[in-house]
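All remarks here apply to the structure that follows.
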Amino acid sequence: MSQYQTIYKKMSEMICDAKDLEAEDVHEDLTLMQLEFDSLDYVELMVLAKRDFNVTLDADFFIQNPNISVKMLCEHIDKESGV
């Protein structure tokens, strides 16, 4: 499994848990806005990225990227993690 796939799997699981969705309801092209993310969801993403991939995401990142998709987020974390 590639680093991107690992990141996508963990992010998808977090999204499913946070939004009470099934895995098949989440796909790479959905934006966080379409998933109706709230402030707590963003904080959970930031904690997961830091804890599991040692990537720091902050509120400014999400403010600057309001229409970020799940795929773009995972690609960003993959690039920043350098693992």
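The values are calculated or read from the model by the stated rules, or taken from the named source; none is laboratory data. Given the structure is predicted, the values throughout are model-derived calculations rather than measurements. Note: ideal-geometry Cβ built from the backbone for every residue, glycine included; neighbour counts use all protein chains shown.
Computed values, structure above
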read-out: Residue match in the range 48-61 (condition: within 11 Å of the chain's Cα centre (by Cα) and among the aromatic types (Phe, Trp, Tyr)); value: no
read-out: Of all residues making up the range 65-83, the number that are surrounded by 11 or more Cβ atoms within 10 Å (Cβ to Cβ), more than 21 Å from Ser2 (Cα to Cα) and either in contact (Cβ under 8 Å) with a residue 24 or more places away in the chain or within 12 Å of the chain's Cα centre (by Cα) (or both); value: 1
read-out: Residue in the range 6-27 that is touching a strand residue (DSSP E or B) at 6+ places or on another chain (Cβ under 6 Å) and modelled with pLDDT of 95 or more present; value: no
